[in-house]
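Please treat every number below as a calculation from the coordinates, not as lab data. This is a predicted model, so every value here is computed, not measured. We place every Cβ from the backbone using ideal geometry, glycine too, and count neighbours over all the protein chains shown.
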Amino acid sequence: MERELREDLADRSKEVANALLFAFGTPNEPRWPEILVESEKYDALTDYKSLIRASGPVGRNFDLVEVGLYRKQCAQCHGITGDGFGPTAALLDPYPRDFRRGTFKFKNASYGARPSVEDLVQTITYGVPGTSMPAMANLKRSKHYADDITVLARYVRFLAIRGEVERELMMDTVRDLDENEVLFKLEQRETDPEAFRNNLSRINEVIVRVVDRWMLSEGVEEQHKRSPFSAFVVKHEFAKGDLSSDSEAMTEVLLQESMQRGRELFEGSIAACAQCHGKDGVGDPKWKDYDEWTKDWTIRAGINPAVRAEWKPLKPLGLLKPVAAAPRNLTLQAYRGVPATMALEDNALANSGSSQGKALTEEDATHPKHSKNNSRLAILRAVLNGIEGSPMPAAALAASTSGGLTDEQVMDLVRFVESLSSSAAAVAVPATSGLAVMGTDR
Ligand code: HEC
Ligand code: HEC
């Protein structure tokens with residue numbers, strides 16, 4: 001913003017920081033903004049139990065309840081404020097998520113919508129296979145720690161909301177203010193209460209706007225069905241998301257025909273998958289597109305991420321070296337999204353975090369996390385909902401666009417994409433380690 005507005009924004013940043021402190025507290029003593037606590041509408045959102053259990057230093061409180069879960073399990077990668085810049089972040093590829101944009105990749109919610117707590121629970125439980133994001137499934141199986149995952153998911157949501165408010169205060173409000181207008185000054189509460197109230201109501205407007213977006217993805221089943229993926233699963237009655245019977249019931253001839261149609265769609269101009277994933281699904285080694293988190297401070301700020309001399313000066317501000325967001329190699333079957341509709345056996349959770357950095361054994365390859373059904377659901381969801389934040393778009397569907405894909409064509413595609421990896425899955429599938437080469441100067 002300083003580059004764009006050609007203005008020194010140091011004082012404005014301090015005001016924003018103070019406003020955030022006033023509204024959300026500190027990482028040791030977080031709180032929900034008054035405007036939310038006052039309203040019944042937000043009761044389900046503003047529970048204090050999760051805040052207390054997840055925040056602060058690791059330890060036990062006076063009631064001997066374990067606190068500091070986020071710092072214990074997540075902050076080393078995601079950072080104490082959820083900025084994605086924890087001490088280990090620079091060594092990882094992909095980088096840990098920066099929660100502050102409210103953008104999440106893996107969710108049943110639609111492109112552009114916020115994830116539900118259930119979506120976040122799913123990510124935290126199963127991790128993101130093929131990246132350094134670990135699975136916390138063990139917690140879920142433990143009697144004592146079963147709700148730790150929900151507590152963490154709710155805290156991720158808290159950090160994301162706080163981060164989005166910070167961002168929007170800076171991006172929208174500061175842009176509209178005249179130089180001599182005050183955004184937030186705590187002293188005014190005593191010296192000029194009316195001005196204080198006015199300024200606070202402008203900040204509260206931003207808070208409510210951000211929070212209402214998150215509320216839309218919560219609870220009500222109808223809202224959940226709004227995403228193309230959820231609607232598809234419901235329409236075709238994949239009970240508990242069980243897609244596995246679908247292709248098995250087909251004769252070999254029909255299956256081959258379907259996959260052939262899928263191949264044509266994959267390479268054709270409507271689905272256009274090959275444009276990014278390559279005809280053989282391996283991806284393009286010279287790929288030069290970036291994810292939204294990187295574009296945010298490079299391309300959109302007039303900085304070319306491919307030119308070192310352009311981004312280097314911003315590194316001291318805590319930015320990580322731009323790394324291209326490559327299309328997935330679809331022959332590896334290492335799908336990252338594990339949709340929440342699947343039915344999982346409890347023993348399916350065993351060892352779920354342990355495949356990182358190692359080649360998968362034969363046993364791992366039949367591990368339910370990599371089961372046929374989950375692979376199909378991951379492909380189906382990626383096609384229908386897209387992967388927000390990455391270049392992967394949601395497909396155009398016949399239901400909403402003329403010339404878009406019909407349901408049958410979607411399934412043809414899923415079967416074809418699945419076949420790209422099925423021969424590879426029989427042998428050991430190498431998982432990406434998630435660790436970038438050490439010693440690079442990120
Ligand atoms: C060793 C590093 C590491 C640790 C520890 C870690 N994460 Fe992650 N996390 C990642 C990486 C890397 C990604 C990005 C994956 C991607 O983009 O595919 C990620 C992504 C996420 C996402 C976003 C997924 C999406 O849909 O975009 C959430 C939510 C998340 N982590 C929550 C947590 C929570 C909660 C904890 C603690 C219980 C945690 N993570 C611990 C590395 C880590
Ligand atoms: C504009 C480029 C682009 C197009 C077009 C595209 N993809 Fe992707 N795709 C990507 C990228 C980038 C990723 C990696 C996303 C991430 O960061 O996890 C990806 C990931 C995927 C995944 C992995 C999902 C997971 O859970 O890990 C599947 C499956 C996939 N794409 C299938 C398709 C299919 C099928 C099509 C055509 C309908 C398609 N893609 C079109 C860029 C693209």
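Before moving on, here are some points about what is shown:
- Per DSSP, loop GluC sites (Glu not before Pro) in region 1-93 with at most 14 further Cβ within 10 Å: GLU7, GLU38
- Peptide ranges 73-80, 328-335, 297-304, 185-192 listed from the most packed, as the mean C-beta count within 10 angstrom indicates: 328-335, 73-80, 297-304, 185-192
- Nonlocal amide H pairs with GLY25, under 5 Å, H built at 1.01 Å: ARG31
- Note on region 2-220: Rg/Rh from Cα positions, Kirkwood definition for Rh, rounded to two decimals, is 0.98.
- For ASP47 and VAL234, the difference between the fully extended length at 0.36 nm per residue and the C-alpha to C-alpha distance is 64.2 nm.
- With both labels modelled 7 Å from their Cα along Cα-to-Cβ, the ALA146 to ARG209 distance reads 4.2 nm.
- Nearest-0.05 FRET efficiency for VAL182 and ASP8, computed from C-beta distance (R0 22 Å): 0.85
- Site pair GLN275 and ALA195 shows an inter-label distance of 5.3 nm when each label is modelled 7 Å from Cα along Cα→Cβ.
- Dipole-positive endmost among SER217, ASN204, GLY127 within region 2-220 (Cβ charges, Cα centre): GLY127
- A Förster radius of 51 Å combined with the Cβ-Cβ distance from VAL253 to LYS286 puts the calculated FRET efficiency at roughly 0.85.
- Amide H contacts under 5 Å for VAL67, placed H, 5+ residues apart: GLY59, ARG60, ASN61
- Figure legend: label point modelled 7 angstrom from the Cα of GLN76 along Cα→Cβ; residues of region 18-58 with amide N under 16 Å from it are 58.
- From the C-alpha gyration tensor of region 1-123, square roots of 5λ in Å: 25, 21, 19
- Convex hull of alpha carbon positions in region 95-217: directionally averaged projected area 10.3 nm².
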